[in-house]
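Here's the structure we're looking at; comments come further down.
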Amino acid sequence: MTNKIKVLKNFRIIALTEGISYLVLLIVAMPLKYMLHIPEPVKYFGWLHGVLFVIYCILLLQAFIVLKWSFLKTLIAFLVSFIPFGTFWLEIKLKKEKEELIIK
């Protein structure tokens, strides 16, 4: 497995994981806190999501450098992480990129 494919694979995995943690935070933890007055899930899922987001940013920087992504593409990948389901859309795009790398 080439280094580029490995970098892309790792970024795709963290993008999906970060996206799932964001949805759990928004759809499960926040309603528990504000509707049922149970703040603990926000504390723990918020912490988990924060760690995953930092890893996402580090791997995004690695993808920018190793895969030679444009600044615009990297900026879009960063911004979609703030949109619910954004990283799932990104993952579809990255899957196509991975297939192109394998063909080369």
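The values are calculated or read from the model by the stated rules, or taken from the named source; none is laboratory data. Predicted, not measured: the structure shown is a model, and the values here were computed from it. Cβ sites come from the backbone with ideal geometry, for glycine too, and all protein chains shown count toward neighbours.
The table below gives the values:
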read-out	value
Leading residue by the ranking (nearest to residue 11 (Cα to Cα)) among those in the stretch 35-50 that are surrounded by 11 or more Cβ atoms within 10 Å (Cβ to Cβ) and aliphatic (A, V, I, L, M)	48
Residue in the stretch 58-76 that is within 17 Å of the chain's Cα centre (by Cα), charged (D, E, K, R), more than 15 Å from residue 23 (Cα to Cα) and assigned to a helix (DSSP H, G or I) present	yes
When residues of the stretch 14-28 are limited to those that are in contact with a Phe, Trp or Tyr (Cβ under 6 Å, 6 or more places away or on another chain) and either of a type in the set (D, E, K, R) or surrounded by 22 or more Cβ atoms within 10 Å (Cβ to Cβ) (or both), the one nearest to residue 49 (Cα to Cα)	18
Filter result (of a type in the set (Phe, Trp, Tyr) and assigned to a helix (DSSP H, G or I)) within the stretch 77-104	78, 82, 88, 89
The lone exception for residue 8 - which of (1) surrounded by 15 or more Cβ atoms within 10 Å (Cβ to Cβ); (2) touching a Gly at 6+ places or on another chain (Cβ under 9 Å) it fails	(2)
Matching residues, the stretch 51-85, being loosely packed, with under 13 Cβ neighbours inside 10 Å and small (Gly, Ala, Ser)	70
Matching residues in the stretch 86-104 - criterion: being over 10 Å from the mean Cα position of the chain (by Cα) and either exposed (fewer than 13 other Cβ atoms within 10 Å of the Cβ) or modelled with pLDDT of 90 or more (or both)	89, 92, 93, 94, 95, 96, 99, 100, 102, 103, 104
Pair list, Cβ under 8 Å, 6 or more apart: the stretch 82-104 residue of a type in the set (Gly, Ala, Ser), other residue at pLDDT 95 or above	86/19; 86/79; 86/80
Answer residue from the stretch 6-44, given it is aromatic (Phe, Trp, Tyr) and more than 27 Å from residue 93 (Cα to Cα) and is farthest from the chain's Cα centre (by Cα) among those	34
